[in-house]
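Have a look at the structure below, then the notes.
The values are calculated or read from the model by the stated rules, or taken from the named source; none is laboratory data. Here the structure is a predicted model, which is why all the values come from computation and not from measurement. All Cβ positions, glycine included, derive from the backbone under ideal geometry; neighbour counts span all protein chains shown.
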Amino acid sequence: MNFRSDNTAAAAPEILAALSAVNDKPVAAYGEDPWSKQLDEKFGEVFEREVRVFTVATGTAANSIALASVTPPWGGIICHAEAHIACDECGAPEFYSGGAKLVLVEGAHAKMSAVALKEGIARNARGIHSIQPAAASISQATERGAIYRPDEVAALGAIAKEAGIALHMDGARFANALVALRCAPADISWRGGVGVLSFGATKNGALAAEAIVCFDLYRAEEIARRRKRGGHLFCKGRYAAAQLLAYFEGGLWLRLAERANALAAQLGEAAAPFLSAPVESNQVFIKPGVAGLAKLRAGGADFYDWAEEGSGEARLVVSWNQDEADVKRMCALLVSLR
């Protein structure tokens, strides 16, 4: 019963079929192939406006290149203390930006509040002796499985605009957030003031296919050059492009995410007395204590401990192709802890 991460899931059959379909003959390299040339238009349809799209191999690259394009070396990137860019990217945002500083703020369930963003901007606006606030970065869904509603994104976007800084979104689980909210992709991105989006597909059925979606088109040239300089301009760009086109085809991305969310909700119901965060996406956070976690593992469950050592808290992540029988067994184990 593997609930460690959606990174452990296989690629979706539709994605593999798309890879096979573009693998039959030589085509132009470095984004000049027919599939790569369709990406701007396809993403434009999904997000209801003109965009520029840049494929990369990893979410870390998407976040770091995107943030470097909006942040100078003396700049500050305001993010939650539990953000992926702060905890799980080995200093890559600082590296790609040439030294920008992450300004950490707090907030329930790893969400940045409007108050926290204002405070983060204010405490780093002290003239030449201070870093210069340049960007705010939020995760959708957050590292605690929480979701920003359209009005919450818009509130943060308004603050960022007033302060003259960019708003970046880490959308590693963007599809999971979207199906939970049942809104338009635009409502939780550019309409709320997001200028650049790290669009994730790998966690939801793709194979090393991530994208930087640029809504502020004047930044596109810099993103293109930073991607090349950072080693993420694919030579055989057709393979990432074909995956992303297949990801959207017939709403595949939403179906996969909806299944993962629905199964996570079942785990959440079974673990109700032990939930340490609301279940809003495909992540379930539980705190049944050290003994409770040991009992789950003895029953065959595999997952990551969370928070500090000995906290008795864990994260369960449901993948797009999670075995329903495993979910049923896990639910029974969780109920047995009550």
Within the stretch 60-67, is even one residue farther than 19 Å from R229 by Cα, out of contact with any helix residue (DSSP H, G or I) (no Cβ under 8 Å at 6 or more places or on another chain) and assigned by TED's automatic domain parsing to the domain that holds L197?
no
Pairing a residue in the stretch 227-241 that is under 20 Å from F95 (Cβ atoms) with any residue that is aliphatic (A, V, I, L, M) and in a helix (DSSP H, G or I), where Cβ atoms lie under 7 Å and the two sit 6 or more apart in sequence or on different chains, gives R227/I65; G230/A61; G230/I65; H232/A61; H232/I65
Screening S137, S189 for residues that are closer than 21 Å to G107 by Cα, among the small types (G, A, S), crowded, with 24+ Cβ neighbours inside 10 Å and in contact with an Asp or Glu (Cβ under 8 Å, 6 or more places away or on another chain) leaves only S137
Conditions first: (1) closer than 23 Å to A92 by Cα; (2) outside the structural domain of E152 (by TED's automatic domain parsing). V213 passes all but one, so which condition is the exception?
(2)
Being assigned by TED's automatic domain parsing to the domain that holds L67, in contact (Cβ under 8 Å) with a residue 24 or more places away in the chain and outside any strand (DSSP E or B) narrows it down to one residue among L263, L207, L267, L197; which is it?
L207
Give the stretch 250-282 a look and list any residue that's hydroxyl-bearing (S, T, Y) and more than 17 Å from the chain's Cα centre (by Cα), or say none.
S276
Can we say D24 is under 15 Å from G237 (Cα atoms) and surrounded by 14 or more Cβ atoms within 10 Å (Cβ to Cβ)?
no
Out of all the residues in the stretch 161-180, which are part of a helix (DSSP H, G or I) and more than 20 Å from the chain's Cα centre (by Cα)?
K161, E162, A163
If I ask for residues that are within 16 Å of M169 (Cβ to Cβ) and either among the hydrophobic types (A, V, I, L, M, F, W, C) or touching a Ser or Thr at 6+ places or on another chain (Cβ under 8 Å) (or both), which ones from the stretch 117-144 would you list?
L117, A134, A135, A136, I138, A141
Taking into account only those residues within the stretch 296-322 that are free of Cβ contacts under 8 Å to residues at least 24 places away in the same chain and of a type in the set (D, E), which is nearest to L263 (Cα to Cα)?
D305
In the stretch 242-260, the residues that are of a type in the set (K, R) and free of Cβ contacts under 8 Å to residues at least 24 places away in the same chain
R255
Determine whether the stretch 290-304 contains at least one residue that is under 26 Å from A172 (Cα atoms) and outside any loop (DSSP other than H, G, I, E, B).
yes
Determine which member of the set S64, S20 is more than 18 Å from R219 (Cα to Cα) and either in a helix (DSSP H, G or I) or among the β-branched types (V, I, T) (or both).
S20
Looking at T55 and the list (1) crowded, with 24+ Cβ neighbours inside 10 Å; (2) of a type outside the set (K, R); (3) under 19 Å from the mean Cα position of the chain (by Cα); (4) within 29 Å of P133 (Cβ to Cβ), which single condition is not satisfied?
(4)
Report whether or not P72 is in contact (Cβ under 8 Å) with a residue 24 or more places away in the chain and part of a loop (DSSP other than H, G, I, E, B).
yes
Would you be able to say whether some residue in the stretch 108-122 is closer than 17 Å to S189 by Cβ, part of a strand (DSSP E or B) and of a type outside the set (V, I, T)?
no
Just to be sure, is D187 acidic (D, E), without any contact (Cβ under 8 Å) to a residue 60 or more places away in the chain and closer than 23 Å to A307 by Cα?
no
